[in-house]
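Everything below concerns the one structure shown next.
The values are calculated or read from the model by the stated rules, or taken from the named source; none is laboratory data. A quick note: this is a predicted structure, and the numbers were derived from the prediction, not measured. A quick note on method: Cβ atoms are made from the backbone with ideal geometry, for glycine too, and the neighbour counts reach across all protein chains shown. SASA here: full protein model, heavy atoms, side chains in, ligands and nucleic acids out. Shrake-Rupley method; radii C 1.70, N 1.55, O 1.52, S 1.80 Å.
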Amino acid sequence: MSRDICVYLEFLTPAHKAQIEKAAEETGFSVHFFDLDQFEEARACLQHCEVLYAHDLELLKAAPASLRWYCCSFAGVDIYCKDPSIFANPQCLLTNSSGYGVTIAEHVVMVTLMLLRRMPEYEAVVRAHSWSRQLPIRSIRDNTFTILGTGNIGFNVAQRLRGMGAARITGLSRTGRSVEGFDEVLPISRLDDVLPETKILVMALPSTPETENILSRQRIALLPPDAYVINVGRGSALDQDALTEALNSRKLAGAALDVMVPEPLPPDHPMWNARNLILTPHVSGNMTLGYTCDVNVDMFCQDLANYAAGRPLVNLVDRTLGY
């Protein structure tokens with residue numbers, strides 16, 4: 001019986017396809033590629049496939065019970081964990097592709113420097129055709145950082161901040177397990193203790209019931225007035241109204257959000273005009289950096305070898321936890 005893989009992605013280069021074909025041949029699989037304008041063709045092929053490599057909820061819903069492994073090409077898999085019935089096969093394995101660490105970490109460094117060096121304010125000065133050079137700035141060097149989430153993204157952020165001279169980097173995670181690159185990793189239950197000492201808070205959390213509104217109005221109030229908040233995880237993790245109020249009342253120095261609720265923001269949403277807020281349209285990750293695409297394909301091919309050999313999948317998701 002033929003063992004088939006359905007690949008439904010838009011970012012693959014000819015080299016990526018050749019890499020996947022080679023990995024499939026070595027493991028006894030046949031691979032079928034489809035572009036995003038070939039949904040019906042992909043759905044028809046999927047009916048006899050054992051593996052699906054894609055990021056499409058509707059395509060997954062069309063998969064038969066014979067599907068045994070769904071490799072999501074994105075890191076965030078919350079939409080696949082909320083409703084178990086979307087998997088015709090309850091035992092179907094789910095993996096993610098958490099290879100965005102480099103590109104998201106570089107985005108974090110960029111917006112951190114923009115905030116510390118007062119770029120939003122200087123942009124306003126320039127747009128007014130004015131000239132001012134008197135705004136005091138701060139540096140990554142000697143600053144203290146708190147990173148919510150110590151996975152691939154948090155690790156890469158910490159690594160880059162450390163290289164730029166950060167004085168102290170504290171991580172928080174569900175388990176509080178030690179991670180290289182952090183001065184200390186604490187359980188997330190210690191968040192209230194850490195926030196009053198935080199100068200730059202970086203949020204890199206997945207969307208789970210436990211992380212929803214984790215940076216609540218009460219916790220925003222615990223941050224010192226010269227603190228910055230950077231969110232590259234999920235918009236649902238913070239109270240956007242409270243953040244906007246804190247910025248406009250100068251109870252918080254500034255923020256940078258790449259994720260928000262809803263996306264896109266409505267044209268009349270108050271966050272568009274919040275003081276000292278950098279907004280980007282969920283672009284810190286995605287598949288626009290070639291290196292990210294290369295890592296994504298590498299991860300799939302490595303786990304394909306694991307899958308074929310009956311070994312545990314490196315990027316296996318616990319659907320009950322959501323990551």
Per-selection metrics, region 1-120 (Cα): Rg and Dmax in Å: 17.5, 62
Long-range lysine pairs (8 or more apart or interchain), the chain, Cα under 30 Å: 4
Inverse mean reciprocal Cα-Cα distance (Kirkwood Rh) of region 1-69, Å: 12.1 Å
Accessible surface of region 1-131 [probe 1.4 Å, protein heavy atoms]: carbon and sulfur percent: 55 percent
Hull shadow area, averaged, region 170-226 [alpha-carbon convex hull, nm²]: 4.1 nm²
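Grab the Cα-Cα distance for Q134 and L316, subtract it from 0.36 nm times how many residues apart they are, and report the gain in nm with one decimal.
Numbers: separation 182, 0.36 × 182 = 65.52 nm, distance 5.14 nm.
Result for the pair: 60.4 nm of gain on full extension.
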Degrees between helix 152-163 axis and first principal axis of the chain (Cα, 0 to 90, nearest 10): 40 degrees
Dipole in debye (nearest 20) - region 1-107, about Cα centre, beta carbon charges: Lys, Arg +1; Asp, Glu -1: 320 debye
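Given a cut-off of 17 Å, what percent of all Cα-Cα pairs of region 107-241 lie beyond it?
59 percent
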For region 226-279, the Rg and Dmax computed from alpha carbons only, in angstrom: 10.2, 29
Cα shape, region 123-174, gyration tensor, a/c 1.5 rule: prolate
Selected from L277, G322, A44, residue furthest toward positive end of dipole (the chain; charges at beta carbon): L277
Accessible area per residue, Å², region 174-323 with all protein chains present, probe 1.4 Å: 48 Å²
Charge dipole (debye, nearest 20) of the chain; +1 at Cβ of Lys and Arg, -1 at Cβ of Asp and Glu: 1160 debye
Cysteines in the chain lacking a second Cys C-beta under 4.7 Å: C45, C71, C72, C81, C92, C293, C301
In degrees, nearest ten, helix 14-26 long axis to first principal axis of the chain (Cα): 50 degrees
Between helix 290-309 and the chain: long-axis angle, C-alpha atoms, 0 to 90°, nearest 10: 40 degrees
